[in-house]
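Asker: First, the structure itself, so that you have it in front of you.
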Amino acid sequence: MNLFAEVEQRIRGALEALQAEGQLPADLPVGPVELQEARDPAHGDIASNVAMLLAKAARMQPRSIAELIAGKLGGDPAFARVEVAGPGFLNLTMAADAWRRLVTTILDQGPGYGGSAIGQGQRVDVEYVSANPTGPMHVGHCRGAVFGDALCNLLAFAGYEVTREYYVNDAGAQVDKLGRSTYLRYREALGEDIGGIPAGLYPGDYLKPIGARLAEVHGRALLDMAEPEWLPIARGAAVSELLAQIKDDLAALDIHHDCFFSERSLTEGGRDQVREAIELLRAKGLIFEGRLPRPKGHDEDEWEDREQTLFRSTAFGDDVDRALMKSDGSYTYFAYDVAYHHNKLERGFDHYFNVLGADHVGYIPRLKAAVAALSDGKASFSTPVCQLVKVLRHGEPVRMSKRAGTFVALRDVVDEVGSDPVRFMMLMRKNDSPLDFDLAKVVEQSKDNPVFYVQYAHARAASVFRNAREPFPELDKAAIRSADLRRLDDPGEIDIIKRLARYPRVLESAAREREPHRLPFYLFDLASAFHQQWTRGNESPHLRFIQPDDPGATAARLALVAAMQQVIASGLSVLGVHAPEEMR
């Protein structure tokens with residue numbers, strides 16, 4: 001049950017009745033009924049401008065339409081008061097019993113409360129993380145991983161069929177550099193003094209154990225090989241081990257992908273999918289031979305001052321046409337991107353998401369151009385960007401990881417503070433805003449630490465039930481569900497219920513706008529209301545959740561606590577955060 005959706009249906013029912021009675025035109029097109037929470041409690045609980053939206057088509061004054069609707073809703077027991085304000089706003093005050101019934105609904109629906117069918121089973125592909133398997137993951141990857149995973153959870157809860165995908169960049173110059181770097185560590189493991197790591201190769205200590213394992217498996221055999229022979233061996237060993245480490249790091253955050261798509265597979269197995277994608281674009285008249293000026297700061301591997309095979313990406317909003325093949329016939333990085341997205345399109349999803357890091361913003365126009373060209377503009381393709389993360393401790397920047405070589409490793413952060421603080425706090429700001437992550441603050445046990453405050457609400461609710469067992473052993477789940485909820489008459493109790501009513505609406509809006517950060521803010525707000533009611537009970541014993549001399553009031557309040565706990569657990573589950581029974 002979505003209380004706002006229920007109110008919308010009641011307004012629609014009133015409009016249909018008015019049309020049937022001839023008080024409104026029978027052919028009046030009724031679009032979405034917009035509802036807003038009233039900002040001022042004096043104006044009720046819910047406001048709607050539906051009359052103002054219908055006025056032009058109905059050729060009537062909006063206030064006249066609002067008064068007709070109010071007349072129909074006035075006798076509805078779901079509303080305590082229906083008023084018309086200003087030029088035609090409807091101000092609705094819900095009856096107390098309407099709020100109370102929501103508690104029973106939440107308990108009956110359990111984990112399903114808040115879910116919706118807005119996705120209608122549409123298939124969605126979300127590609128996220130996709131870090132090159134050339135070293136440990138850093139905190140920048142962490143933010144994209146958490147955002148992408150929470151987005152998948154959110155979309156699945158909203159009725160979409162979601163595929164979680166990781167694109168493994170295991171082809172091209174970067175993994176060749178990785179192979180050469182690993183070969184150096186192999187020689188080092190055999191006792192050779194390799195000196196300093198040459199510029200352009202990977203200096204991190206994480207390659208030492210991979211080099212050592214190469215030495216164990218191959219002995220000195222690789223030393224007698226030419227580079228074209230040893231490079232695939234060293235490269236393959238490094239990619240395999242580093243990808244396994246990446247999966248392990250992601251598992252520490254409880255992140256698991258459905259599909260790991262190999263870039264190398266695009267040209268292996270007897271099928272050249274890169275060539276196929278290029279020929280498809282050629283058939284559309286979007287391929288030509290030409291020269292490009294070298295863009296400022298562009299990778300030299302992607303540019304040469306000679307005639308190349310180019311994609312006319314400027315026809316789709318890009319600022320320059322893009323090279324797909326070099327003059328020697330080899331493919332550019334972008335050509336592989338084009339082929340990969342062509343492969344995605346062939347798999348027939350309804351929506352495509354590429355979650356990108358801040359360092360890939362410049363790739364967005366060309367990716368959008370490629371997808372638009374390949375799909376004839378029909379594909380729903382989005383590229384959410386996760387901005388940079390600054391890791392602090394007590395407000396001071398954290399030094400880089402020696403193991404990683406140049407950055408703060410994701411696993412170091414997770415091992416220090418735990419998965420829950422990382423996931424929750426990575427979602428406390430909108431993904432396209434920079435984020436400060438303070439290792440000291442995220443483990444504080446205080447209201448200033450949102451993840452603790454929300455988890456504590458769930459644990460505190462569990463403690464209420466533990467404490468209620470002794471005076472009321474008979475109050476099991478069935479007894480709580482059948483409680484007389486009319487005993488919930490304190491304003492603080494009704495306030496908690498009103499916040500519970502927002503949950504489906506928050507989830508639906510977060511799913512529609514692709515904004516998981518809305519959920520932790522909602523959960524913090526709900527937890528705050530619960531903690532405030534607890535504090536009020538400490539000050540006024542008659543408001544405590546457990547009333548030893550009043551089993552009826554206790555049962556009703558335990559029902560409210562159970563509903564609140566259920567919503568907290570559900571929201572944390574969407575975020576990928578645990579809902580603890582106790583805080584330690």
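Just so you know, all these numbers are worked out from the coordinates, no wet-lab data involved. Here the structure is a predicted model, which is why all the values come from computation and not from measurement. Positions of Cβ are generated from backbone atoms using ideal geometry, with glycine treated the same way; all protein chains shown enter the neighbour counts.
Asker: By how many nm would the segment from residue 582 to residue 104 lengthen if fully extended, with 0.36 nm per residue of separation less the alpha-carbon distance?
Answerer: Numbers: separation 478, 0.36 × 478 = 172.08 nm, distance 2.53 nm.
Here the segment from residue 582 to residue 104 would lengthen by 169.6 nm.
Asker: While we're looking at this one, here's another question. Given (i) 28.9; (ii) 25.7; (iii) 34.7 as candidate values of mean projected area of the Cα convex hull in nm², which corresponds to the one derived from the coordinates?
Answerer: So the structure-derived entry is (iii).
Asker: At 222 nm, what value in deg cm²/dmol follows for the chain if DSSP H runs of at least 4 each add -39500 (n - 2.57) and the sum is divided by all its residues, to the nearest 500?
Answerer: When only DSSP H runs of four or more count, the value is -15500 deg cm²/dmol.
Asker: Something else now. Nearest-5 percent of antiparallel DSSP beta bridges in the chain?
Answerer: That works out to approximately 50 percent antiparallel.
Asker: Do any trypsin sites (Lys or Arg not before Pro) in the stretch 32-140 lie in a DSSP loop with no more than 14 other beta carbon atoms within 10 Å, and if so, which?
Answerer: Sparse-neighbourhood loop trypsin sites (Lys or Arg not before Pro): 39, 59.
Asker: So what are the ³J(HN,Hα) numbers for the stretch 371-380, from phi and the Karplus equation (6.51, -1.76, 1.60; θ = phi - 60°), rounded to whole Hz, Gly and Pro as x?
Answerer: 5, 4, 5, 5, 9, 6, x, 8, 6, 8
Asker: May I pose another question? How many angstrom lie between the C-alpha centres of the stretch 139-165 and the stretch 474-516?
Answerer: Using only Cα atoms to place each centre, the spacing works out to 26 Å.
Asker: So how far apart, in nm, are the two label points at residue 528 and residue 5 if each is 7 Å from Cα heading toward Cβ?
Answerer: 2.8 nm
Asker: While we're looking at this one, here's another question. So, in Å, what gap is there between the alpha-carbon centers of the stretch 204-225 and the stretch 238-255?
Answerer: Computed from Cα coordinates, the inter-centre distance equals 21 Å.
Asker: Output the relative contact order of the stretch 156-254, whole-number percent, from Cα pairs under 8 angstrom with separation of 6+ residues.
Answerer: Once normalised by length, the contact order is 33 percent.
Asker: Would you please give the FRET efficiency between residue 486 and residue 208, computed as 1/(1 + (r/R0)^6) with r the Cβ-Cβ distance and R0 = 60 Å, to the nearest 0.05? Write out the running numbers ahead of the final one.
Answerer: Numbers: r = 70 Å, r/R0 = 1.16.
Once rounded, the FRET efficiency stands at 0.30.
Asker: Between residue 262 and residue 85, what length comes free when the chain is fully extended (0.36 nm per residue of separation minus the Cα-Cα distance, one decimal in nm)? Before the final figure, lay out the partial values.
Answerer: Details: separation 177, 0.36 × 177 = 63.72 nm, distance 6.04 nm.
That works out to 57.7 nm of additional length.
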